[in-house]
Amino acid sequence: MSGARLFRAMGEIGDSFILEDSLDDPATITDAGTPRRNRLSFSVSPAKWIVPAAALGLLLAVGIISRSGLIAVFPGDDSTKASSMALKINHVASIEPIQMEMDIGLFWDDAVEYTAEEIEKYYGTTIYPKNLPAGIEQTVIGFNNHDDGGFYLFRRSDGTVYYDQNSFLFLTAADRDFYQASGYVEEDRPAVCVTAAKERAIHDFAADDEENGWQTSLINQKEVMLTCYECESVMHYHAEFVKEGVHFGILGTNLSEEEFINLLVPYFE
Amino acid sequence: MDDSEIIAQLWARSEDAIAEVGGKYGGYCRTIAFNILGNAEDAEEVVNDLYSRLWWAVPPARPEKLKPYLGRIARNLALDRLEKGKAKKRGEGRMEAIFTELEQCTADKDPYATLAESKAITDALNSFLDKQKIDQRRVFLRRYWRAASIKEIALDFDISPAKVKSILFRMRRQLRKHLESEGIYL
């Protein structure tokens, strides 16, 4: 019963913490007759990854590890042998674990749910990765603040789409089971998250690329912005690019550089 | 009426003070009791007990802030009720879930651990909470002080339930390390 004992001990914490917790106490608000806050917010990226993503946007100090002219060819991988690549992976030197969400005024009443196949058809190009690292399964999970694993387009009353960004999560079988049971993924687990949108650019990472001096990479003569950073001892690689009018943000967590580049190459074929 | 006036009325043995407490803090205490007990009737009995406790505790006590003082009493009364099996319904398993979550913060039982360590545990919890960022600390308290559900916390803070779980998971892991570093085994 140590959990019960610890819960009991929590009762004796300092008053300041308890008062802080009551800053906008819903019970007090309700008692006062003020409507409960019902503003909807939506992460521009999956909750798990928004921490470093947001931090990147706020970074003041970044460093670059340029790999100018590097031609990456990985032995034994047919998909990359034929690819020409000039990779410049912009290394973010420091990450502050800042959590941020962007409220972009989404209303879930406007959301129309689609299947994985339907949503890919909407984008009109291949969304799902073909070269997932070994162990990560092709089964796609929708990653959104509704926490239901679905895929959505937000439509106005006239049917036009005003928000179409979706995130597609790929995990190992064990992590997928864990995710479905618990609603979260351990941050050090290997994972791939593809974010796609037609209606808006995805600028989680490269919003200030010119100011930061970040350099673009070329894969098969097509531009892609690559960044990498370490957060809580876990390496993350991120790619942003536009393909056939669709904005992509692809994040690889705890993958090798080789695995991440292999993952990207089919998008540029 | 502010807290100091309520305290003064209690010291003057005015029953109006109890009515004032009920109007100002009754909902807060009832919510905590309900979260722990999962039953409105039980929660109401806790709040009634709370008023009685308050009446006989003040004076001689003179709490500076009534909200944490009352919340703490309500919490302990609800836990006592839970432990004694008086509760008609145990919060749809919520408290079992919370206790199990907190088990993850505790190391193997130390044979020398005793209840006399309570002060050390409280100090360790305070120093742990003091190091946390305010948003995360509030999520942690909402779960482990108020016993709120994951969904309620997500709604209150406009974040996803997955994010709530993720924050709590990380903080429990950190708390375990912190308690161990303080030599505390529960």
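Bear in mind these aren't lab numbers, they're just calculated from the coordinates by the rules spelled out. Model, not experiment: these values are computed from the prediction. Because the Cβ atoms are built from the backbone with ideal geometry, glycine has one as well, and the counts that use them run over all protein chains shown.
Per-residue Cβ counts within 10 Å, from other chains only, averaged over B:68-81: what number is that?
Values: counts 10, 2, 0, 6, 5, 1, 1, 6, 3, 0, 0, 4, 1, 0.
Taking all residues of B:68-81 together, the mean is 3.
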R0 = 35 Å: FRET efficiency of A:T216 with A:E113, Cβ-based, nearest 0.05? 0.50
Residue ranges of DSSP H helices in chain B that stretch 18 Å or more (Cα, own long axis) and have mean Kyte-Doolittle hydropathy of at least -0.5 are B:16-37, B:40-57, B:66-83, B:118-131
How shielded is B:163-173 by partner chains, expressed as the average number of their Cβ atoms within 10 Å of its Cβ atoms? 4
Simple spin-label model, 7 Å along Cα-to-Cβ: B:S118 to A:E20 in nm? 2.4
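For a 18 Å ceiling on Cα separation, which of these pairs sit above it: A:K198/A:K243; B:K133/B:K165; B:K119/B:K165; B:K65/B:K133; B:K131/B:K165; A:K88/A:K222?
Numbers: A:K198/A:K243 10 Å; B:K133/B:K165 16 Å; B:K119/B:K165 28 Å; B:K65/B:K133 23 Å; B:K131/B:K165 20 Å; A:K88/A:K222 13 Å.
Pairs exceeding the cut-off: B:K119/B:K165; B:K65/B:K133; B:K131/B:K165.
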Just grab the label-to-label distance for A:D188 and A:T126, each label 7 Å out from Cα along the Cβ direction, in nm (one decimal). 3.4
Using only atoms on other chains, find how many Cβ atoms lie within 10 Å of each Cβ of peptide B:152-160 and report the average. 5
Which FRET efficiency value, to the nearest 0.05, do you get for A:A86 and B:Q104 by plugging their Cβ-Cβ distance into 1/(1 + (r/R0)^6) with R0 = 51 Å? 0.60
Counting trypsin sites (Lys or Arg not before Pro) as exposed when in a DSSP loop with at most 16 other beta carbons within 10 Å, what is the longest stretch of chain B free of them? B:134-186
Please work out how much length the chain gains when fully extended from B:S127 to B:N48, using 0.36 nm per residue of separation minus the C-alpha to C-alpha distance, in nm with one decimal. 25.1 nm
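Give me A:T160, B:T31 sorted ascending by neighbouring Cβ count inside 10 Å, so fewest comes first. The partial results should precede the final answer.
On the way: A:T160 8, B:T31 22.
Ordered from fewest to most neighbouring Cβ atoms within 10 Å, A:T160, B:T31 come out as A:T160, B:T31.
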